[in-house]
1. Is it the case that some residue within the range 688-703 is within 30 Å of Thr761 (Cβ to Cβ), more than 13 Å from the ligand (Cβ to nearest atom) and in contact (Cβ under 8 Å) with a residue 60 or more places away in the chain?
2. Name every residue in the range 671-693 that is of a type outside the set (D, E, K, R) and crowded, with 24+ Cβ neighbours inside 10 Å, in order of residue number.
3. Those residues that are in contact with a Phe, Trp or Tyr (Cβ under 7 Å, 6 or more places away or on another chain) and buried (at least 22 other Cβ atoms within 10 Å of the Cβ), I need them from the range 720-739; list them, please.
4. Limited to the range 153-208, what total is found for residues that are part of a loop (DSSP other than H, G, I, E, B) and either of a type in the set (Lys, Arg) or exposed (fewer than 15 other Cβ atoms within 10 Å of the Cβ) (or both)?
5. How many residues does the range 344-379 hold that are of a type in the set (Phe, Trp, Tyr) and part of a loop (DSSP other than H, G, I, E, B)?
6. For the range 519-555, enumerate the residues that are part of a helix (DSSP H, G or I), closer than 22 Å to Asp439 by Cα and touching a residue at least 12 places away in the same chain (Cβ under 8 Å).
7. Return the residues of the range 594-615 that are within 14 Å of the ligand (Cβ to nearest atom) and in contact (Cβ under 8 Å) with a residue 60 or more places away in the chain; say none if nothing qualifies.
8. Those residues that are within 13 Å of the ligand (Cβ to nearest atom) and part of a loop (DSSP other than H, G, I, E, B), I need them from the range 616-639; list them, please.
Amino acid sequence: MKYGYFDDVAREYIITDPKTPVKWINYIGTLAFGGFVDNTGGAILCKGDPSLNRITRYIAQLPASEFKGETLYLRVKTGEGYRIFSPYFTPTLDPLDHYECRVGLGYTRIISSFKGIATDVTIFVPLDESVELRLITVTNESALSQEIDCIPVVEYSHPDALKQFSNADWVPQTMQSKCEREEGGRVILMQYPFMCRDTKLNYFTADFAPSSFETDRCRFLGDNEYGAWAHPGALDGKELSNYEALRGDNIAALLHHIGTLRPGESRTMVTQLGQDGSLEIIREKSKKYCDHRAVLRALDDLSQFWEKYLSRMEVVTPDPAMNRMLNIHNPRQCFITYNWSRYLSLYQLAYGSRELGFRDSSQDVMGVMDRVPEKGKDLLVKLLSVQKKNGSALHQFNPLTMIGNVGESGERPDLPRYYSDDHLWSALAVCSYVKETGDFNFLDRIVPFYEKEENGGPQESATVLEHLQRGIEFTWNDRGKHGLPLLGFADWNDTVNLKIGAESSFTACLFGKALLDMIELARYLSNARLMATFSGYYETMKKAFNEQAWDGAWYIRYFDHDGSPLGSHKNAQGRIYVNSQSWAVLSGFAVKERAESALESVFKLLNTPKGIKLSAPGYNGFDPSKGGISTYPPGAKENGGIFLHTNPWVMIAETIIGNGDRAYEYYRQINPAMKNDCIDEFQCEPYVYPQNILGNEHPQFGLARNSWLSGTSSWTYQAATQFILGVRPTYKGLIIDPCVPRSWDAYTVTRVFRNASYRITVKNPNHKCKGDIALKVDGLEIVGPVVPVFADGKDHRVEAVIQ
Ligand code: GLC
């Protein structure tokens, strides 16, 4: 294993070579305060919003060797002067004698040694706090005493992340730094743009009294900044200049003479990088973590949080790589996508362009429902409050201001300014919440629509149920010539942007699935009127879809404004798209033969050993009449790439038709934990799903990008736990409906559901993918596959046999 290995007991991935093919990152904190740390200690941190309240300056596009956001230098006194190096590898790039970066749950720990000096740094954000801590221990492992200085450094961003890069006069004129000295010598370096002087202050401090500091990058690097991060000029002198910058590129560097360490001797210190409203608050709050016991307690609290989160569901299957993902990394990634949507990653940089996506977050939230349903509910309320009165939704919204926008459709005045799918996802998400929790009251909760008061009148509000109904009605009233929903600017596939009048068969299917969910809900609520109306819509759409979109061996994906098909055997490029096949099955629209034929076409025409492609063949040349898809070369992203988000939908579809072998094969072939052996080709982190992998039309087939923030996480988690392992919440209880590889003998799922613990063993004595289920609950046989709700706080034993 080339760059590292998994330690499942510690629930860590341990990177052993700092020169990973791209930075491998880890998230700390939450959207409220946090960001990510890379494997060489660089960090991007934001409070509440990565576009509007950015703290560190992390420029992902700079070479991997560059300084990014935060680092640590050590300085060892030698006969002639100083030896300077970074225990994080960058930016000094010294050949460390030992390096490991432990990617943990909510923390990163970098342990390294160089020429006899060992360093162990744990980086994390305490739960619900607005400060990043670095617990730094330096040990002299050499045979001689060593005089060591420890210099942690931060580079600040203007809070407006986009302005930081677009206005190189205004930004530096506003940046201010001040030094506050506390009793005992502790220094707090404050940093803020002038206009935030009384409201929003960044600070950097350590428990150890520094002897000097620097806040101006030019002075720190030296030589009018022809000095470099690899060897800052200021570190050649005994002390830093104690300069309080009132403009310019602001940094915070603290020089600590940690003393002469005897052989074997260690020193520990803690740095704090945070943001708060006033100096008084910062003074008070920052005292807490000057006590190392408080730091250790905060680490312990963090580990308790993750223990609780992960213990809500645990599986033991015959596949260790599946267990590893389902018990640790996949639910962990779901928590991250729930927090950050597509807002902040190494690839999605939140320079004012992207916020929380209505469609994205509605899908992400389903990935955390079984673990943090209350948090899921809060996000659902936010999402519904950016739905418009007509039932459609704003495409994105800012989590701080709750101001929504129409996404990229705003840049194309010639095209509709809505996406045809956004609002429909909330039906799936709300139903998943209610099935998980049984909280039917939520359906009656009043949530405002997005439009603000008109003429001083009250803002219109409605129940959650009505929000969902309006979403359905919007699509019902927005159909085109073939009876399928109009495409709008785009549907799930952002990059196919056709002229007004185009229709989407994917949106037809999503509408069908949303209706299935709503009809099931209406049945449970005994709402006959809703059931009848929605069943009528469902049958009409099913008929139109099957009459219009069947292409012989698969389903067409779009009808253009002039009625010509995309995703048909008639097309030379973009002949088949995966989503209209998988969703034809998920929606129940495809009858058995068509479902099998469509999924077989996916297998033959779109599958590769590295994942299923979104479409094929790729468009080879920019074609403005298709839109964004043709801006990529064939094999990349939506244009024939392996766009992973779509893969779990095919897995689910395969389980619906009973093909557990294939569903599992599709699962296994994209499992990142299996990528260690081809990691130089894959390049991204083997502990999370990426968004895309280059397809086989591209010379770099197999190369992954855009790791972490992808709907792949939530959907693969749902596909595996609810459809392959088949343990799925319903209104009446937990259904046990497995569809597994026939080779499997047995597996277990232990899951908390509505205040009881279900210890489920599934046996497969006849080696089938799917079959009738014989169920025993606490030793007693029950009829049907649904284990009832107990809500008694106790453990219940469930034995299921696939017959
Ligand atoms: C990106 C977007 C998502 C979209 C997908 C396909 O992942 O975040 O909203 O559905 O691309 O275009």
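The values are calculated or read from the model by the stated rules, or taken from the named source; none is laboratory data. From a predicted model like this one, the values you see are computed outputs, not experimental measurements. As a convention, Cβ positions derive from the backbone with ideal geometry for all residues, glycine included, and neighbour counts pool all protein chains shown.
1. Yes, some residue in the range 688-703 is within 30 Å of Thr761 (Cβ to Cβ), more than 13 Å from the ligand (Cβ to nearest atom) and in contact (Cβ under 8 Å) with a residue 60 or more places away in the chain.
2. Pro672, Cys684, Pro686, Tyr687, Val688, Tyr689, Pro690, Gln691, Asn692, Ile693
3. Within the range 720-739, Ala720, Ile724, Leu725, Pro729, Leu734, Cys739 meet the criteria.
4. Let us first name the residues in the range 153-208 that are part of a loop (DSSP other than H, G, I, E, B), namely 157-160, 167-169, 182, 186, 197-200, 207-208.
Next, from what is left, pick out any that are either of a type in the set (Lys, Arg) or exposed (fewer than 15 other Cβ atoms within 10 Å of the Cβ) (or both): 167-169, 182, 186, 197-200.
Looking only at that region, the number is 9.
5. Here the count works out to 2.
6. The answer is Ile519, Glu520, Leu521, Ala522, Tyr524, Leu530, Met531.
7. Lys613, Leu614
8. Gly627, Tyr632, Lys637, Glu638
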